[in-house]
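The values are calculated or read from the model by the stated rules, or taken from the named source; none is laboratory data. Everything numeric in this text was worked out from a predicted model, so none of it was measured. Cβ: placed from backbone, ideal geometry, glycine included. Neighbour counts: every protein chain shown.
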Amino acid sequence: MFAYIVKRLLGAIPTLLFLVVAAFFMMHMAPGGPFTSERKLPPEVLANIEAQYGLDQPLWKQLWDYVTGIVLHFDFGPSFRYKDRDVNDIIAQGFPISLTYGTLSFIVATLIGVSLGIAAAIRHNSWIDYFAVSLGIVAQALPNFIMGPILILTFTLWLGWLPGGGWNGGQWQYLIMPVIALSTSYMGNIARLTRSSMLEVLNSNFIRTARAKGLPARSVIWRHAMKPTLLPVISYLGPVFVYVLTGSVFVDLYFSTGGLGQSYVNSALTRDYAVLLGVTILYGALTIFVNLLTDLAYAWFDPKMRY
Amino acid sequence: MFGKSDKAADLAGEVTDHTAIQGRSLWRDALDRFLRNKAAMACVFVLGLIVVFVVFGPLLAQWSNEEIDWSRMGDIVRDGRPNIENGHYFGLDELGRDLYARVIQATRTSLLVGLIGAAMALILGTAYGVIAGFYGGRLDAGMMRFVDILLAIPTTLIIILILVVAGRSFITLFIALGAVSWLTMSRIVRAQTLTLKTREFIEAARAGGVSEGAIIVRHILPNLLGVVIVYASLLVPEMILAESFISFLGLGIAEPNTSLGRLIAEGAGTMAYGTLWQLLFPLFFYVTIIITMFFIGDGLRDALDPKDR
């Protein structure tokens with residue numbers, strides 16, 4: 001197991017490096033830059049600014065400085081837009097917010113999705129089963145950016161129960177709508193996945209054996225059916241996490257929660273490549289890390305898995 | 001011994017008179033299964049209606065998607081409502097443009113995005129996966145390692161990056177969607193090719209001296225088709241989703257062109273002023289397209305993949 005973990009961790013390094021280098025070169029291939037504006041700057045001024053940010057150096061030197069900066073000091077460099085803030089500041093300010101509602105959505109989607117799926121499978125063809133199935137179907141057409149407007153329309157404009165946006169230190173009223181918006185679609189998918197997986201497991205021979213030897217239904221489900229049921233769900237958690245991450249881009253923009261997604265879109269629109277690059281790399285690294293975790297969880301859960 | 005007798009001729013006629021019973025091909029079976037799937041057929045019908053609407057809807061439009069109705073733009077909430085008489089069937093948007101024309105244009109964009117994105121995935125992913133799976137060995141390891149690396153990066157972020165770097169246009173949008181959509185397809189195709197490659201009929205073809213290129217084209221590709229079609233059909237709505245998400249953020253294609261995601265974003269931005277139609281019309285088309293496409297994809301999977309039922 002330990003060797004497997006080390007192997008996977010080492011395997012993540014080239015992926016990360018590739019991500020950094022590819023993103024870096026893409027940014028530098030782009031025509032125009034953060035300093036191209038309608039008001040033409042005198043060439044000397046522009047040269048000065050570029051020297052300030054190290055943009056006059058040869059490309060490989062810039063790349064080298066950038067990569068060593070990240071690896072040695074965890075430093076993503078200065079922002080091209082804000083004079084007094086560097087990328088680290090922007091990440092430090094926005095990331096905790098995105099992480100808070102992101103984690104909550106992840107937990108909500110997984111817990112409710114799995115419970116719903118299991119309940120649906122145990123009570124096959126009951127109302128709860130039909131509910132889970134229809135939620136699974138509708139969920140595909142209700143991603144975060146559709147749920148967001150619907151929620152605000154209902155809870156803010158019509159009912160007036162919840163504030164329509166803002167963060168306010170993460171008070172619960174401000175958290176509800178972002179979390180529902182982010183989790184609904186994947187809750188439905190997880191419920192569907194769990195349900196079909198559980199149904200398949202419940203029809204298998206070893207469950208029949210467990211029933212035949214007289215085990216109570218409760219322990220058949222918890223002791224025997226649970227682990228194999230959750231296997232496909234676990235391998236699905238990686239994509240869910242990615243979805244929550246990219247969904248944060250929407251939530252921050254639409255609910256003005258002030259997380260990292262807002263900086264991402266703003267930097268994309270103002271061509272602040274340093275921030276864009278930093279956030280992409282951070283999200284990419286997180287994705288790789290979570291994929292690794294789900295693989296490990298999978299290996300731990302699946303008796304057939306060999307490292 | 002075989003003298004010509006009438007009796008023998010009659011007998012022969014009777015024996016050969018039966019037309020041979022037509023064999024039922026896999027495709028024929030699949031088609032039958034699909035046609036029997038009521039939900040999928042209903043969705044094909046609804047989607048067909050939307051396509052007809054997109055193709056022939058402009059004939060009924062009295063305004064283009066760029067014109068601003070100056071006489072009504074002063075008070076959109078009162079004058080901009082959906083109205084058959086003044087030609088704004090779906091009302092006006094916030095800037096006084098005809099929503100009917102814009103919804104048609106946006107639906108067309110979204111459908112095109114879905115189809116072209118899936119088509120690119122189909123071509124690129126199949127070619128890549130077949131080559132990796134068929135030739136195997138170190139080539140396969142290297143190619144798949146590359147795919148794994150790309151898969152580890154959140155796709156939406158890649159699309160945004162490409163759009164920002166290369167400029168926002170239809171072409172870059174399609175390239176960006178194509179760049180991310182082929183990855184999973186190539187893995188599926190590779191896995192399928194690996195199992196096909198060891199089957200007896202491929203062995204037989206090799207023994208018969210068929211060239212590798214011909215084996216791929218004549219024997220591997222046709223057998224991949226079912227899986228590939230199923231996955232591509234499920235990819236269409238996903239492409240539409242991805243594009244709408246990016247458009248919603250304002251990073252998709254630029255005005256005056258629009259897509260459903262952008263229209264929903266605009267409608268969502270103004271719904272507080274009581275102009276709900278700006279949200280509901282694009283939302284209706286969007287949700288209908290996505291749900292019907294997923295049902296059709298599911299139906300195709302049930303029809304083409306008999307073991308998974």
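Structure data summary
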read-out: Among (1) in contact with an Asp or Glu (Cβ under 7 Å, 6 or more places away or on another chain); (2) of a type in the set (Ser, Thr, Tyr); (3) modelled with pLDDT of 80 or more, the one test that residue B:288 misses; value: (1)
read-out: Residue that is nearest to the chain's Cα centre (by Cα), among those in the stretch A:283-307 that are surrounded by fewer than 19 Cβ atoms within 10 Å (Cβ to Cβ) and among the aliphatic types (A, V, I, L, M); value: A:286
read-out: Residues located in the stretch A:128-159, provided they are more than 28 Å from residue A:96 (Cα to Cα), outside any helix (DSSP H, G or I) and of a type outside the set (S, T, N, Q); value: A:141, A:159
read-out: So residue A:221, is it in contact (Cβ under 8 Å) with a residue 24 or more places away in the chain and over 29 Å from the mean Cα position of the chain (by Cα); value: yes
read-out: Among (1) within 20 Å of residue A:105 (Cα to Cα); (2) more than 10 Å from chain B (Cβ to nearest Cβ); (3) without any contact (Cβ under 8 Å) to a residue 24 or more places away in the chain - the single one residue A:249 does not satisfy; value: (2)
read-out: Number of positions in the stretch B:285-309 that are within 11 Å of chain A (Cβ to nearest Cβ) and of a type outside the set (Ser, Thr, Tyr); value: 10
read-out: Some residue of the stretch B:252-273 being within 11 Å of chain A (Cβ to nearest Cβ), without any contact (Cβ under 8 Å) to a residue 60 or more places away in the chain and outside any helix (DSSP H, G or I); value: no
read-out: Out of A:258, A:214, A:238, sole residue that is within 11 Å of chain B (Cβ to nearest Cβ) and either at pLDDT below 80 or in a loop (DSSP other than H, G, I, E, B) (or both); value: A:238
read-out: Options A:260, A:277: the member that is within 27 Å of residue B:247 (Cβ to Cβ), surrounded by 15 or more Cβ atoms within 10 Å (Cβ to Cβ) and in contact with a Phe, Trp or Tyr (Cβ under 6 Å, 6 or more places away or on another chain); value: A:260
read-out: All helices (runs of 4 or more DSSP H) inside the stretch B:142-245 with 3 or more residues being in contact (Cβ under 8 Å) with a residue 12 or more places away in the chain, more than 10 Å from chain A (Cβ to nearest Cβ) and buried (at least 19 other Cβ atoms within 10 Å of the Cβ); value: B:170-197
read-out: Subset of the stretch A:174-198 (residues that are within 17 Å of the chain's Cα centre (by Cα) and more than 20 Å from residue A:245 (Cβ to Cβ)); value: none
read-out: Residues satisfying the stated conditions in the stretch A:141-158, i.e. surrounded by fewer than 22 Cβ atoms within 10 Å (Cβ to Cβ), closer than 24 Å to residue A:196 by Cβ and at the interface with chain B (Cβ under 7 Å from one of its Cβ atoms); value: A:141
